[in-house]
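Only one structure is covered here, and it is reproduced in the block below.
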Ligand code: ADP
Ligand code: MG
């Protein structure tokens, strides 16, 4: 490969909105066979809004949202941002009704900690609050389990809210599939590649999104922890496949680094961008196929 041709390819990529870490990346791009797409923030916009708040028996929906919002106020995760904003809006509306002076409408959170791919924890008004996946809780009341299933059947991402060791309710958030995601999947197939969906979200939600973009249920890997995303990449590589991974989150960074080709969504987290070989500038997943097409064309010119 002549350096000049590779540089031309790199320049052409920049014009298309594909930032390439170095000209040598075009070589690994060309070899890719399997493409793992992260769901939240990659196939979907990650711009979430709260769709429902459902309390466990004996709990109040307002209180579940208020405490969850306070705990999530320090979170950068799209789910956390959506919950904090909805809680702020609800509190601001109540404060306005009571003609109270505006301040920060939510109580402060202490000892905040975010667990990538799992949820958040923190202390709010002296209560030890957890918001996230059900595995954070020892047990869940039956009605809450049913409510989680009902929300997920609607394709919404539902998380559990609890404090002082008890699950108190759920908040579900609705996300939207990116307008070009289905076309991106079709483009990848046309290039002879095998697209798969990889997510920490529940299987029900993952399958609903997969169906929307044209990925078969057998090609969905759901409910994975961030470290399991890396393990998934390694397993596929162990089967002799060259793997590309497209992601946006802190939880994707290790898998992006492990992949033969890591592609970060522009506007994603710094951790994802730093771990990647390519950045898709305007967060359009169709650019993934463009990058592979470009690398094939560039290297064909050279040979
Ligand atoms: P994806 O793999 O689709 O990008 P993540 O790994 O970011 O999703 O998140 C996986 C799951 O972890 C979410 O579906 C949610 O249940 C839980 N989770 C992650 N961050 C948060 C948060 N800040 N608040 C509540 N739940 C969270
Ligand atoms: Mg993501």
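The values are calculated or read from the model by the stated rules, or taken from the named source; none is laboratory data. Note that this is a predicted model, so its numbers are computed, not measured. In this analysis, Cβ positions are derived from the backbone assuming ideal geometry, glycine residues included, and neighbour counts consider all displayed protein chains.
Conditions (1) in a helix (DSSP H, G or I); (2) without any contact (Cβ under 8 Å) to a residue 60 or more places away in the chain; (3) buried (at least 17 other Cβ atoms within 10 Å of the Cβ), marked per residue:
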| residue | (1), (2), (3) |
| --- | --- |
| 262 | no, yes, yes |
| 272 | yes, yes, yes |
| 282 | no, no, no |
| 290 | yes, no, yes |
| 293 | yes, no, no |
| 299 | yes, no, yes |
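Right, residue 215: modelled with pLDDT of 95 or more, within 16 Å of ligand 2 (Cβ to nearest atom), in contact with a helix residue (DSSP H, G or I) (Cβ under 9 Å, 6 or more places away or on another chain) and assigned to a strand (DSSP E or B) or not? Against the criterion (modelled with pLDDT of 95 or more, within 16 Å of ligand 2 (Cβ to nearest atom), in contact with a helix residue (DSSP H, G or I) (Cβ under 9 Å, 6 or more places away or on another chain) and assigned to a strand (DSSP E or B)), residue 215 does not qualify. Tell me, yes or no, whether the range 216-227 has at least one residue that is buried (at least 24 other Cβ atoms within 10 Å of the Cβ) and in the same structural domain as residue 280 (by TED's automatic domain parsing). No, the range 216-227 contains no residue that is buried (at least 24 other Cβ atoms within 10 Å of the Cβ) and in the same structural domain as residue 280 (by TED's automatic domain parsing).
Residue by residue, here is whether (1) in a strand (DSSP E or B); (2) in the same structural domain as residue 80 (by TED's automatic domain parsing); (3) farther than 19 Å from residue 42 by Cα; (4) without any contact (Cβ under 8 Å) to a residue 24 or more places away in the chain holds:
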site	(1), (2), (3), (4)
117	no, yes, no, no
129	yes, yes, yes, no
182	no, no, no, no
195	yes, no, no, no
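Yes or no, residue by residue, for (1) closer than 25 Å to residue 152 by Cβ; (2) within 13 Å of ligand 1 (Cβ to nearest atom); (3) in a helix (DSSP H, G or I); (4) assigned by TED's automatic domain parsing to the domain that holds residue 199:
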{"site": "7", "(1), (2), (3), (4)": "no, no, yes, yes"}
{"site": "27", "(1), (2), (3), (4)": "no, no, yes, yes"}
{"site": "30", "(1), (2), (3), (4)": "no, no, yes, yes"}
{"site": "36", "(1), (2), (3), (4)": "yes, yes, no, yes"}
{"site": "62", "(1), (2), (3), (4)": "yes, no, yes, no"}
{"site": "68", "(1), (2), (3), (4)": "yes, yes, yes, no"}
{"site": "71", "(1), (2), (3), (4)": "yes, yes, yes, no"}
{"site": "76", "(1), (2), (3), (4)": "yes, yes, no, no"}
{"site": "84", "(1), (2), (3), (4)": "yes, yes, yes, no"}
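Go through the range 240-257 and count every residue that is within 15 Å of ligand 1 (Cβ to nearest atom) and surrounded by fewer than 24 Cβ atoms within 10 Å (Cβ to Cβ). Write out each step before concluding.
Kept after step one, since they are within 15 Å of ligand 1 (Cβ to nearest atom), are these residues of the range 240-257: 245-256.
Within this subset, residues satisfying the condition of being surrounded by fewer than 24 Cβ atoms within 10 Å (Cβ to Cβ) are 250, 254.
The number of residues fulfilling the criteria is 2.
Residues 88, 15: which one is exposed (fewer than 15 other Cβ atoms within 10 Å of the Cβ), more than 13 Å from ligand 1 (Cβ to nearest atom) and free of Cβ contacts under 8 Å to residues at least 24 places away in the same chain?
From the options 88, 15, the qualifying one is 15.
Within the range 131-166, how many residues are within 13 Å of ligand 1 (Cβ to nearest atom) and either in a loop (DSSP other than H, G, I, E, B) or over 17 Å from the mean Cα position of the chain (by Cα) (or both)? Steps first, please.
So the first thing to find is which residues in the range 131-166 are within 13 Å of ligand 1 (Cβ to nearest atom), and the list is 131-137, 148, 151-152, 155-162.
Checking which are either in a loop (DSSP other than H, G, I, E, B) or over 17 Å from the mean Cα position of the chain (by Cα) (or both) leaves us with 133-137, 148, 151, 155-156, 160-162.
Counting residues in the range 131-166 that are within 13 Å of ligand 1 (Cβ to nearest atom) and either in a loop (DSSP other than H, G, I, E, B) or over 17 Å from the mean Cα position of the chain (by Cα) (or both) gives 12.
Exactly one residue out of 233, 205 is over 12 Å from the mean Cα position of the chain (by Cα), within 14 Å of ligand 2 (Cβ to nearest atom) and part of a helix (DSSP H, G or I), and it is 205.
The set of residues in the range 38-50 that are within 13 Å of ligand 1 (Cβ to nearest atom) and part of a loop (DSSP other than H, G, I, E, B) comprises 45, 46, 48. Number of residues in the range 218-230 that are within 14 Å of ligand 1 (Cβ to nearest atom) and in a helix (DSSP H, G or I): the value is 5. Taken over the range 32-63, the residue count meeting the criterion of being surrounded by fewer than 24 Cβ atoms within 10 Å (Cβ to Cβ) and closer than 20 Å to residue 148 by Cα is 15.
Exactly one residue among 119, 114 is within 16 Å of ligand 1 (Cβ to nearest atom) and surrounded by fewer than 23 Cβ atoms within 10 Å (Cβ to Cβ), and that residue is 114.
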